[in-house]
Amino acid sequence: NSYPVYAEEDGTPLADAWVTLYKVDDDDDVIAHGVTDAAGSVLLNAPIRYAGTAMLTVTSQNFAPYRLEVEVSAPDSRIGYESIAFQDDGWDGTEGNANGIPEAGETVGLEVTAKNFGTSQQTNVHLTAESDDPWVENITGDVQYGTLDAGQSSTGDGLILVAIAPEVQHTWSLHLNL
């Protein structure tokens with residue numbers, strides 16, 4: 001979600017001001033910040049899922065900080081994930097020891113529960129994944145969720161399969177873009 005902010009002082013644009021938007025969003029802290037351009041504008045990108053009150057703070061050299069409570073609305077369109085479960089039990093193309101933990105040499109399936117956090121119905125929802133992690137040998141799958149009404153969750157129709165290199169170390173963490 002993008003939130004445009006314009007900072008000025010006595011009608012003159014305030015360049016190089018530090019702008020921060022902070023909101024507690026369903027027990028998650030959402031913080032977006034940026035610096036205003038010469039025209040006093042900045043576009044803050046904040047993944048806010050729920051309507052409510054946020055705190056906007058503008059600071060600049062030789063100026064007192066300006067704080068303002070602002071109301072933010074829920075986005076019309078916001079699909080995210082609610083949870084991820086790992087399958088490694090031989091089901092639907094997975095290979096592993098069935099402990100639900102991604103480990104060296106396994107092909108794990110990600111069962112992603114998607115949720116429509118927006119306020120309107122979304123159609124043709126699907127999920128793919130990619131990674132530039134050198135320990136990820138292959139990623140396949142395109143999970144179809146179909147239509148999700150506002151607030152609805154679904155596990156979709158399949159798994160994202162991730163093949164992990166056999167040389168991966170115990171402390172490795174899987175990094176994916178969903």
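Yes or no, residue by residue, for (1) open to solvent by 70 Å² or more (accessible area, probe 1.4 Å); (2) out of contact with any strand residue (DSSP E or B) (no Cβ under 8 Å at 6 or more places or on another chain); (3) within 22 Å of ASP149 (Cα to Cα):
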| position | (1), (2), (3) |
| --- | --- |
| ASN62 | yes, yes, no |
| TYR66 | yes, no, no |
| GLU69 | yes, no, no |
| ARG78 | no, no, yes |
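For the range 121-145, which positions are of a type in the set (Gly, Ala, Ser) and on the phi > 0 side of the Ramachandran plot? Result: GLY141, single match. Within the range 56-98, the set of residues being in a loop (DSSP other than H, G, I, E, B) and either touching a residue at least 60 places away in the same chain (Cβ under 8 Å) or under 24 Å from GLN121 (Cβ atoms) (or both) comprises SER73, ALA74, PRO75, ASP76, SER77, ARG78, THR94.
Taking first residues from the range 154-166 that are under 12 Å from PRO134 (Cα atoms) and partners that are open to solvent by 20 Å² or more (accessible area, probe 1.4 Å) and in a strand (DSSP E or B), the Cβ contacts under 6 Å between residues at least 6 apart in sequence or on separate chains come to ALA163/THR107; ALA163/GLU137; ALA163/ASN138; ALA165/GLU137.
Scanning the range 151-165 turns up at least one residue that is over 22 Å from the mean Cα position of the chain (by Cα) and closer than 14 Å to PHE86 by Cβ.
Residue by residue, here is whether (1) under 30 Å from GLY52 (Cα atoms); (2) open to solvent by less than 20 Å² (accessible area, probe 1.4 Å) holds:
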position: GLY100; (1), (2): no, no
position: ALA114; (1), (2): yes, yes
position: SER120; (1), (2): yes, no
position: THR123; (1), (2): yes, no
position: THR128; (1), (2): no, no
position: PRO134; (1), (2): no, no
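Taking the criterion of being free of Cβ contacts under 8 Å to residues at least 40 places away in the same chain, open to solvent by 20 Å² or more (accessible area, probe 1.4 Å) and not in a strand (DSSP E or B), the residues of the range 1-54 that qualify are ASP10, GLY11, ALA15, ASP26, ASP27, ASP37, ALA38, ALA39, ALA51.
Being at positive phi and either loosely packed, with under 11 Cβ neighbours inside 10 Å or not charged (D, E, K, R) (or both), is that true of even one residue in the range 146-155? For the range 146-155, residues at positive phi and either loosely packed, with under 11 Cβ neighbours inside 10 Å or not charged (D, E, K, R) (or both): present.
The values are calculated or read from the model by the stated rules, or taken from the named source; none is laboratory data. The model shown is predicted, which means the values in this text are computed figures rather than measured ones. Note that each Cβ is placed from the backbone with ideal geometry, even for glycine, and that neighbours are counted across all protein chains shown. Just the protein is used for accessible areas: all its heavy atoms, side chains included, with ligands, DNA and RNA removed. Shrake-Rupley method; radii C 1.70, N 1.55, O 1.52, S 1.80 Å.
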